[in-house]
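Notes follow the structure.
The values are calculated or read from the model by the stated rules, or taken from the named source; none is laboratory data. Quantities reported herein were computed from a predicted structural model and do not represent experimental measurements. All Cβ positions, even for glycine, are placed from backbone atoms using ideal geometry, and neighbour counts span all protein chains on display.
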Amino acid sequence: MSNNRGTLQKNIDTILALEKKSARRLSAVEHIADRVTAYAGSTPCIILHLLWFGAWIIINSGLVPSIKPFDRFPFSFLTLVVSLEAIFLTLLVLMSQNRMTKEADKRAQLDLQINMLDEQETTLILRMVQKIAAHLGIEEELDETVRDLSEETDVEHVAKSLDEKAGVNN
């Protein structure tokens, strides 16, 4: 069991190292975009905006006698500020999403490569077990599934079959 924990910790360390390496490659603008995006989706940000909009509306409605309204109803300046904030926030969120999509694509490629290697290793192991069984004379009748699994997988054929069944035209 302890060896399993050692393997698990090694895998965790490897993943964390990959994450740190990826984070180090980010440009300053990408770091800023990620931080702004993370903050914009937080409860403190929502509360800040509620307070800000509420104060703006109360002040500019003339409800605070000691402060002269500077943006009377329909609050044109507030509309301008909020529109600019929305534009830049949208651009920063899109920038973060594009970067995360690229990272997800890299991970998917890595997963595919590992899965293909795993499939090849499993096929080799199955062939070895069949040879060992034949050598020991305990070879039983192989069913079609075992024969199929002991053959190498044609990834292009699998992808084409999947596309055909899903109705994708290439």
The residue from N115, N60, N98 that alone is polar (S, T, N, Q) and in contact with a Phe, Trp or Tyr (Cβ under 7 Å, 6 or more places away or on another chain) is N60
Among the residues of the stretch 22-60, which ones are surrounded by 13 or more Cβ atoms within 10 Å (Cβ to Cβ) and under 22 Å from the mean Cα position of the chain (by Cα)?
S22, L26, E30, I32, A33, D34, V36, T37, A40
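Take the conditions free of Cβ contacts under 8 Å to residues at least 40 places away in the same chain, of a type outside the set (K, R) and part of a helix (DSSP H, G or I) and apply them to L89. Does it pass? Before the answer, list the steps.
Working: free of Cβ contacts under 8 Å to residues at least 40 places away in the same chain: no; of a type outside the set (K, R): yes; part of a helix (DSSP H, G or I): yes.
It is false that L89 is free of Cβ contacts under 8 Å to residues at least 40 places away in the same chain, of a type outside the set (K, R) and part of a helix (DSSP H, G or I).
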Which of (1) part of a helix (DSSP H, G or I); (2) closer than 14 Å to L92 by Cβ does L26 not meet, given it meets every other one?
(1)
Failed criterion for E85 (all others in (1) closer than 30 Å to E30 by Cα; (2) among the charged types (D, E, K, R); (3) modelled with pLDDT under 95 hold)
(3)
Output for the stretch 29-59, where each listed residue is in a loop (DSSP other than H, G, I, E, B) and in contact with a Pro (Cβ under 7 Å, 6 or more places away or on another chain):
none
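What is the residue count in the stretch 129-159 for residues that are assigned to a helix (DSSP H, G or I), of a type in the set (A, V, I, L, M) and more than 38 Å from the chain's Cα centre (by Cα)?
Of the stretch 129-159, the ones assigned to a helix (DSSP H, G or I) are 129-136, 144-149, 155-159.
Next cut, of a type in the set (A, V, I, L, M) only: 129, 132-134, 136, 146, 149, 155, 158-159.
So of that shortlist, the ones also more than 38 Å from the chain's Cα centre (by Cα) come out as 129, 132-134, 136.
Here the count works out to 5.
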Would you mind telling me which numbered condition in (1) outside any helix (DSSP H, G or I); (2) under 17 Å from the mean Cα position of the chain (by Cα) K106 fails?
(1)
What do you reckon, is E121 at pLDDT below 90 and either farther than 19 Å from A23 by Cβ or surrounded by 10 or more Cβ atoms within 10 Å (Cβ to Cβ) (or both)?
no
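Are any residues in the stretch 71-87 exposed (fewer than 12 other Cβ atoms within 10 Å of the Cβ) and within 30 Å of I32 (Cβ to Cβ), and if so, which ones?
The answer is S76, T79, L80, S83, L84, A86, I87.
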